[in-house]
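Read the structure below first, then the notes.
Rule-based calculations on the coordinates, nothing more; no lab input. Since the structure is predicted, the reported quantities are computational estimates derived from the model, not experimental observations. Reconstructed Cβ throughout: ideal geometry from the backbone, glycine too, with neighbour counts over all protein chains shown.
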């Protein structure tokens, strides 16, 4: 085991412990505050991915993000704005990079995209916090999909899923990740009396959405020539590197969970 892998495992273990402590012990206010803090850190990283050089503009952007988070407590439609963005992303991802130059050229457009990524993600978690068992299911789906995709893709991956964005991602990896998510998520749904077709549909759709989130963040990193969004997490990069899949999955999960008629 390499030193880098050991560092990644230690950091992941600490993060996992903190996540479960917050989910289990934090009040709704503290939970929302912790999530807001993570979003603000991610927003700072996003300014780098957006191509912003001025510290003044970065600080103003954080202020704007903060205002938007406050508005998201009362204005539910941020979720729908986010869904529209992710649906659009599903169609422009195959066009990267040859036909998306204009979209990435203006940092103002990139900053707006950041709002449509980060604020709906926070709102998704905010609305899920009253039944945190749903958040556990969301995390199980996304983490299982990521884990399965990594190991199956590394062992058997041949057909590239998005060679223009992330050459390491393969169709075999996606199938492996979706399969693991269906197994682990299915077990979770069984013990919460939700194991029927809509629950399995939820798992599969959220897995697809999470992959789109991962790929979108990757496009911005590729555009700016960055390997990681930051260096806050030893062995893992930045906050955005760890929550890229969740930025799309959280709002999608919240809306789909209710649309498919699952119960807490």
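Calculated from the alpha-carbon coordinates, segment 17-116 shows an Rg and a Dmax of 15.8, 48 Å respectively. Measuring nothing but how far apart in sequence close Cα pairs (under 8 Å, 6+ apart) lie, relative to its length, segment 3-259 scores a relative contact order of 25 percent. The Cα atoms of segment 3-259 cover 50, 46, 40 Å along the three principal axes, with the biggest extent listed first. Taken along the Cα-to-beta-carbon direction at a fixed 7 Å, the label points for residue 13 and residue 26 span 2.3 nm. Build a GNM of the chain with springs between Cα atoms under 10 Å apart, and of 143, 92, 78 the one that fluctuates most is 92.
With contacts taken as Cα pairs under 8 Å and at least 6 residues apart, segment 155-196 reaches a relative contact order of 26 percent. Spacing of the modelled spin labels on residue 179 and residue 64, each 7 Å from Cα toward Cβ, amounts to 4.5 nm. Fully extending the segment from residue 55 to residue 260, taken as 0.36 nm per residue of separation minus the present Cα-Cα distance, adds 69.4 nm.
Let a ≥ b ≥ c be the square roots of the eigenvalues of the Cα gyration tensor of segment 146-264; is it rounded (a/c under 1.5), or, if not, prolate (a/b larger than b/c) or oblate?
prolate
Could you order peptides 13-23, 177-187, 113-123 by the average number of other Cβ atoms within 10 Å of their residues, highest first? Provide the component values of the computation, followed by the final result.
Values: 13-23: 12.4, 177-187: 20.0, 113-123: 24.3.
Descending mean neighbour count gives 113-123, 177-187, 13-23.
Shape summary: segment 71-150 maps onto an equivalent ellipsoid whose semi-axes, from the alpha-carbon gyration tensor, are 27, 20, 9 Å in decreasing order.
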